[in-house]
Amino acid sequence: MTEDRGLTEALQRRADELGTTHPLSLEDVQGRARGIRRRRTALSGLAAAAVLAVAAPIGLTIGDDATPDRSTPVASSGVKDGVLTTEVDADGGKPGVPYLYDGEIHLPDGGTVQVAGEWTSFDTLGEGFVVSDGSDLALLDVEGQIVHEVPTSGSTFAVSADHTVVAHLTERGVQTIGVTGDEFTVPVPADIESPQLVAVQGTESCDPEHEEGGCVFFLNDGGPTPGAWSLTSKGMINPLSEFLALSDVADDKQVAGMTSIDELEPSACHQVWADAFADGPEWHSCDHRVIAFSPDGTRVSAGYSYADGFGDGSLAILDAADGTVLAEWVNSEEHPAAATNLGWDDDGTLLGVVNEGESWALMRFSPDGGLAKVMDVEGEYSESSPILLPRSS
């Protein structure tokens with residue numbers, strides 16, 4: 001994956017350019033990070049919930065002295081307003097990506113793979129699969145059998161864009177497993193008090209001595225003072241000081257995340273950068289919270305800017321280049337729906353597991369404003385989606 005290696009090389013070039021006046025050694029960057037943290041406006045003790053809410057929009061109540069920047073709102077032309085609901089007749093067709101439901105992995109060709117266990121995260125890895133329940137991470141073969149299992153200390157994991165590397169958190173740091181079976185662990189700097197893994201960029205192996213080795217990890221800090229960081233498999237770290245928390249990182253280096261919160265309004269603002277190490281944002285929004293980039297990086301899924309409560313009562317598809325709203329669906333008193341799990345399909349549409357009252361359904365959202373039902377789903381009202389879509393989709 002040339003883009004991944006390019007990012008690693010760019011980090012190294014940046015360190016070389018800084019030279020001896022400000023080297024990016026582990027100790028020096030940690031010291032720099034402490035200075036940044038002292039200067040950053042302190043958030044309330046509930047700030048950890050904000051970081052979690054970026055990835056899982058549940059219960060967000062945060063304080064920040066900074067006022068959200070609303071000086072240059074993103075474009076909103078061409079919006080096709082819609083209602084967020086499961087009560088539609090349009091047939092959404094079969095998903096082009098696999099998903100886990102009711103103990104089975106459902107494949108795009110209509111086949112199924114039996115999977116034992118109660119898992120909370122799912123994705124593909126090589127020709128097999130990877131699952132996690134927050135306590136253990138397991139690699140499955142094409143028949144759904146566990147071929148490797150390790151303890152994990154993070155609530156979830158990240159898979160590289162080419163599905164050859166999975167990364168997760170352990171007490172020793174970020175552990176990676178490649179499709180070759182190669183395992184590698186890089187310690188997390190002590191300044192990141194409560195690490196949360198957002199993304200991994202690499203291929204086959206994160207061991208920098210491997211032929212295809214070398215990875216970049218993106219982490220949030222869910223501790224008392226939230227922040228975002230990049231970390232290479234060589235131990236080089238870089239604080240992404242503009243962000244309180246990252247929500248997603250695209251394979252071509254685009255990053256999105258939360259930059260400010262005002263709990264009195266309440267409101268939050270978010271930015272999208274074309275490059276994690278560029279000079280500034282491409283665009284920002286105080287109306288939408290970026291959830292995930294599409295696989296080709298041209299669009300982003302988005303929800304309420306300030307996430308609070310069960311799922312998202314508003315769902316949008318935005319242009320990743322400038323934040324233009326392409327389509328948006330909002331619930332209502334008549335349709336009290338909430339989207340709880342999202343993933344991009346291979347045709348550029350967005351799949352979402354939506355709850356409305358006592359009903360669940362897997363829905364398909366199109367950038368042209370279309371809404372169709374893929375299938376009704378059995379499930380009770382809870383904060384857990386009955387369907388798991390691939391994390392990297």
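With respect to (1) buried (at least 20 other Cβ atoms within 10 Å of the Cβ); (2) at pLDDT below 90; (3) of a type in the set (A, V, I, L, M, F, W, C); (4) closer than 20 Å to residue 154 by Cα, the lone exception for residue 188 is condition (2).
Could you tell me which of the residues 297, 313, 303 is over 20 Å from residue 227 (Cα atoms), out of contact with any Ser or Thr (no Cβ under 8 Å at 6 or more places or on another chain) and buried (at least 19 other Cβ atoms within 10 Å of the Cβ)? Full working, then the answer.
Details: 297 fails: buried (at least 19 other Cβ atoms within 10 Å of the Cβ); 303 fails: out of contact with any Ser or Thr (no Cβ under 8 Å at 6 or more places or on another chain).
When all the criteria are applied, what remains is 313.
Look at residue 161 and say whether it is in a loop (DSSP other than H, G, I, E, B) and under 22 Å from residue 211 (Cβ atoms). So residue 161 passes the test. Applying the criterion of being more than 16 Å from the chain's Cα centre (by Cα) and not hydrophobic (A, V, I, L, M, F, W, C) to the residues of region 299-319, the residue that is nearest to residue 259 (Cα to Cα) is 306. Buried (at least 21 other Cβ atoms within 10 Å of the Cβ), in a loop (DSSP other than H, G, I, E, B), at pLDDT 60 or above and of a type outside the set (S, T, N, Q) - does that describe any residue in region 60-82? Within region 60-82 (the criterion being buried (at least 21 other Cβ atoms within 10 Å of the Cβ), in a loop (DSSP other than H, G, I, E, B), at pLDDT 60 or above and of a type outside the set (S, T, N, Q)), the answer is no, since none of the residues qualifies. Consider residue 260 carefully, then state whether it is in a strand (DSSP E or B) and in contact with a helix residue (DSSP H, G or I) (Cβ under 6 Å, 6 or more places away or on another chain). Criteria not met by residue 260. Take the conditions part of a loop (DSSP other than H, G, I, E, B) and aliphatic (A, V, I, L, M) and apply them to residue 338. Does it pass? No: the conditions fail for residue 338. Quickly run through region 249-271 and pick out the residues that are closer than 21 Å to residue 186 by Cβ and surrounded by fewer than 22 Cβ atoms within 10 Å (Cβ to Cβ). The answer is 251, 253.
Scanning region 351-362 turns up no residue that is more than 29 Å from residue 157 (Cα to Cα) and crowded, with 18+ Cβ neighbours inside 10 Å.
On the basis of being under 28 Å from residue 228 (Cα atoms), under 21 Å from the mean Cα position of the chain (by Cα), of a type outside the set (A, V, I, L, M, F, W, C) and modelled with pLDDT of 95 or more, does residue 324 make the cut? Here the answer is yes, as residue 324 does meet what is asked.
Taking residue 147, is it in contact (Cβ under 8 Å) with a residue 24 or more places away in the chain, of a type outside the set (Lys, Arg) and in a strand (DSSP E or B)? So residue 147 fails the test.
Taking the listed residues 207, 191, 251, the one that is part of a loop (DSSP other than H, G, I, E, B) and under 20 Å from the mean Cα position of the chain (by Cα) is 251, with no other qualifying.
Taken over region 231-248, residues that are surrounded by fewer than 24 Cβ atoms within 10 Å (Cβ to Cβ) and outside any strand (DSSP E or B) amount to 6. Picking from residues in region 164-179 that are in a loop (DSSP other than H, G, I, E, B) and touching a strand residue (DSSP E or B) at 6+ places or on another chain (Cβ under 6 Å), the one that is surrounded by the most Cβ atoms within 10 Å (Cβ to Cβ) is 164.
On inspection, residue 182 does not qualify as of a type in the set (D, E, K, R) and over 30 Å from residue 142 (Cα atoms).
The values are calculated or read from the model by the stated rules, or taken from the named source; none is laboratory data. In this text the structure is predicted, and so the values were computed from the model without any measurement. A quick note on method: Cβ atoms are made from the backbone with ideal geometry, for glycine too, and the neighbour counts reach across all protein chains shown.
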